[in-house]
Amino acid sequence: MYTRAYKRIISAPPLLWVGIFLLLPYALMFAHSFWIVRDGMIAHEWNLQNYAKLFQNPVYLDVLFRTMRIAASVTMLSLLLGYPLAYYTSFHAGVRKDLLYQLVIVPLWVSYLVRGYAWKTILGSEGVFNGFLQYIHVTKEPVSFFLYSPFAVVLMLTHIYTPFVFLPLYASLEHIPRNLVEASHDLGAGSSATFLRVILPLSLPGLIAGATFAFVLTLGDFLAPLLVGGPSSIMIANIVQSLFGTAYDWPLGAAISVCILLLTISLLFLTERLEKGCSFR
Amino acid sequence: MTQPVSIAEHAAASAASGNALLEVRNVAKRFGAREVLKQISLEIASGEFLTLLGESGSGKTTLLRLIAGFEQPSSGEIWMSGERLDALPPYKRRVNTVFQNYALFPHLTVQENVGYGLQVSGVANSEIPSRVNEALQMVKMQEFAASRPAKLSGGQQQRVALARALVNRPKLLLLDEPLSALDANLRKQMQGELKSLQRELGITFLFVTHDQDEAMALSDRIALLKDGGLEQVASPREIYAHPANSYTAEFIGQTNLLRAEVRNGVAACGPLKWSATQPPGAALFSLRPESIHLSPDGPAPTDAVHFRAVVRQQIFSGSSEHLELELAGQSLRARIPARGPLSGEQEFWFSPADAVAVRE
C-alpha cells in the first residue's frame, strides 16, 4: 500500500487550501463577531454586544424572517417547476431526453448578472411584460410593482435555482430501475398509483437535495434584491454586505454571518439525515 | 412411446382442442427495422408449465413482455380466456410477472412488497394481512416479513418476488429467467420448489430460460425459439426423442448429426450404413451419444449397425464415460456406462431406430 509520507504529501494541497481559504477566514469571522467598533476602528475587546444587538433590534430578525420566507417560496416554486420537468425528461422524453437535459443546463452557462438584468428588462415599466399586458389591453399604463418587489426577487431566484433543483432530482429519477415501474403496473397499479407509491418515494433523496440547494443558495443571495428587489425586499445578505462595506461595522456583520452559517449548517445536517433515511440502496 | 399419458400430453391435447388459456396468434414484433419475433402462434393450456427456451436474442423475453403488456405487438393478437389481451394495459391483465432481477420495491418491507398488488387493486384492508401471510407462508418467508429487500439474499429475494406475483392469484404467471442469478445448488432446489408450487396451485406458468437442463427438468412442454421464430413446441421427451430439426437436436441435449445419402432404403454416411425409410437423396440424422454402445454390451438388435472407431478422448463422469470417437475422419460422441480406460480401436454399435431423421 501507500507509505505514510506519500499520503501526507498528496493530502497536503487540499488541506492547505481548505485551511487557508476556508477555515482561516471562518476563524477570523468568528473572532470579529466578538469584537467591537470604537471611534471608527475595530477594537479587539471580547464581548457579546453584537449578538445582543442582533436579537434586540427587530430590523435584523425581520429581515432574517423575510429572507427565509423568500427562500421557502423560491424552494417551493423551483420544486413545482423542477419536478415535473425532471420527471418528464427522465421518464417520458424518449429521444428528446438529451436535448431537454442540455436545455436545462444551458442557462447555467449564462452569467448570473446577465440573467438578473434580463429580468429587469422583462419586468420594468418599459419592459416586455408591461408591453404585453398593454398590448392585450389588460392594463392601460405600465404597472410598476412587478419590479422592485419581493415578487421580482422570488421570480428571478426561482428562474436561477430551478436547474439546481432539477439536477439532483433528475439524477435520482434516472436511478430508479425501470423494472420497478413495470413491476408496479404488473401488480395492477395505474400510472398515478405507480407515481405516488414508487416513483415519488424513491426520488425523495433527490427532492431533498434539490430543495436544500434552492433554500440555502437563496438564503445567502444578495444580488437579486440589489438588481430587482428594491428596499422592500432587502435580504439578510444585503445587510451583511453593507455592514462590511459602507457601514463599516465588521463585528456586527460577522455576528450575523455566524448566525446564518449556523443556520445553514444545521439545515444541511438535518437534510442529510433525511436523505439518508429515505435512500434504500 | 409407451409412456403413460403425462400432464404435458394432456395439456397439449386440451390446448389443441381449443381449451387454451392463452392464445398467441400470428404475433410479430419489430423494433425499428429489426424483427425480433416473426409470426409466432402458440397456445398454452390451463394449468400447463410451458417453457420458452432459446439463446439470448432469440426473442423469448420479448414474447413474455408482450404477454405481460410491457410491449405492444407490431401485428397479431393475444387472447386470454376469450378476452383480447393485447388491447389491455398491463395493470388490467390477470397476468403477473416474476422479474429476472426480482424488481422488489427497495423502499417497502417484504410484507409491503407482497401486499402491494392487493393494495393497488382495492382489496379490503382487513383481508390484506392474511393474504400476505398466506403468500409468505407458501414461499417460507414469514419470518422476514418486516425486513427490507436489501437485507435479503438472492434466493430469499427470489421467494419474495414469487410471493408478490402470486398474491393476486393470476391466471397466468410469467417467469423471466427467475433462477439465472442463483448459484447452482440453490437453483436446483428452487427448481424443485417452483415445480411443486405450480402443481399445488394449478396456476399456468410461462417460464423463460436459456438453460436447456432447466427447461427439461421443469416443463410440461418446451417452446424452442431461434431468431424470433418457433423451432418446435413439444414435451421434453418428445423434443428429445424426435427433434424437428438439427438446431433443436443440438440445442436440447447433445447429439451427433450424421449427413447421409439415402438410396434404396439404405442410408449411408461414410462407412456407416443402415436401413432407412426416407425418400432417396441427402438426409440428416440425429444420433444421441447414449445410443452408441460398446460391443458386446447390451442386447444389440438384429439390424444393429456395427462399426469400429478409434477412441480419441475419454472423460470419466462417475456413472458414465464420455467418449470422443473417430471413424473415417468423422468424429462421434458416445456416452457409455462407466467401465475403465479404453484405448485404440474398439467396436461399437447403434440401432437404426435411434438414428432420427431431422430437417436442416
Original post:
Taking the stated definitions as given, is residue B:164 assigned by TED's automatic domain parsing to the domain that holds residue B:131, in contact with a Phe, Trp or Tyr (Cβ under 9 Å, 6 or more places away or on another chain), surrounded by fewer than 18 Cβ atoms within 10 Å (Cβ to Cβ) and farther than 24 Å from residue B:59 by Cα?
Top reply: no
**OP:** Could you please give the count of residues in the stretch B:298-338 that are touching a Phe, Trp or Tyr at 6+ places or on another chain (Cβ under 7 Å), assigned to a strand (DSSP E or B) and touching a residue at least 40 places away in the same chain (Cβ under 8 Å)?
**Re:** 5
Original post:
Somewhere in the stretch B:145-167, is a residue in contact with a Ser or Thr (Cβ under 8 Å, 6 or more places away or on another chain), away from chain A (no Cβ under 13 Å) and at pLDDT 90 or above?
Top reply: yes
**OP:** Report yes if some residue within the stretch A:180-194 is away from every other protein chain (no Cβ under 14 Å) and assigned to a helix (DSSP H, G or I); otherwise report no.
**Re:** no
Original post:
In this structure, does residue A:243 turn out to be touching a Gly at 6+ places or on another chain (Cβ under 9 Å), of a type outside the set (S, T, N, Q), more than 30 Å from residue B:152 (Cβ to Cβ) and modelled with pLDDT of 90 or more?
Top reply: yes
Subject >> Unmet criterion (only one of (1) within 11 Å of chain A (Cβ to nearest Cβ); (2) surrounded by 24 or more Cβ atoms within 10 Å (Cβ to Cβ)) for residue B:52 >> reply: (1)
Original post:
Does residue A:212 count as free of Cβ contacts under 8 Å to residues at least 40 places away in the same chain, among the β-branched types (Val, Ile, Thr) and in contact with a helix residue (DSSP H, G or I) (Cβ under 9 Å, 6 or more places away or on another chain)?
Top reply: no
Original post:
Counting just the residues of the stretch B:94-116 that are more than 7 Å from chain A (Cβ to nearest Cβ) and of a type in the set (S, T, N, Q), which one comes out farthest from residue A:277 (Cα to Cα)?
Top reply: B:100
Original post:
Is there a residue being surrounded by 15 or more Cβ atoms within 10 Å (Cβ to Cβ), more than 25 Å from residue B:198 (Cα to Cα), in contact with a Leu (Cβ under 9 Å, 6 or more places away or on another chain) and free of Cβ contacts under 8 Å to residues at least 60 places away in the same chain anywhere in the stretch B:98-107?
Top reply: yes
**OP:** Inspect the stretch A:219-231 for any residue being within 14 Å of chain B (Cβ to nearest Cβ) and within 24 Å of residue A:72 (Cβ to Cβ) and give the result as yes or no.
**Re:** no
Subject >> Among (1) more than 9 Å from chain A (Cβ to nearest Cβ); (2) under 29 Å from residue B:23 (Cα atoms); (3) out of contact with any helix residue (DSSP H, G or I) (no Cβ under 7 Å at 6 or more places or on another chain), the one test that residue B:126 misses >> reply: (2)
**OP:** Could you tell me whether the stretch B:56-71 includes any residue that is in contact with a Lys or Arg (Cβ under 7 Å, 6 or more places away or on another chain) and over 20 Å from residue A:184 (Cβ atoms)?
**Re:** yes
Subject >> Subset of the stretch A:195-206 (residues that are surrounded by fewer than 22 Cβ atoms within 10 Å (Cβ to Cβ), without any contact (Cβ under 8 Å) to a residue 60 or more places away in the chain and either within 7 Å of chain B (Cβ to nearest Cβ) or farther than 20 Å from residue A:168 by Cβ (or both)) >> reply: A:196, A:197
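The values are calculated or read from the model by the stated rules, or taken from the named source; none is laboratory data. Please read all numbers here as calculations on a predicted model, not as lab measurements. Note that each Cβ is placed from the backbone with ideal geometry, even for glycine, and that neighbours are counted across all protein chains shown.
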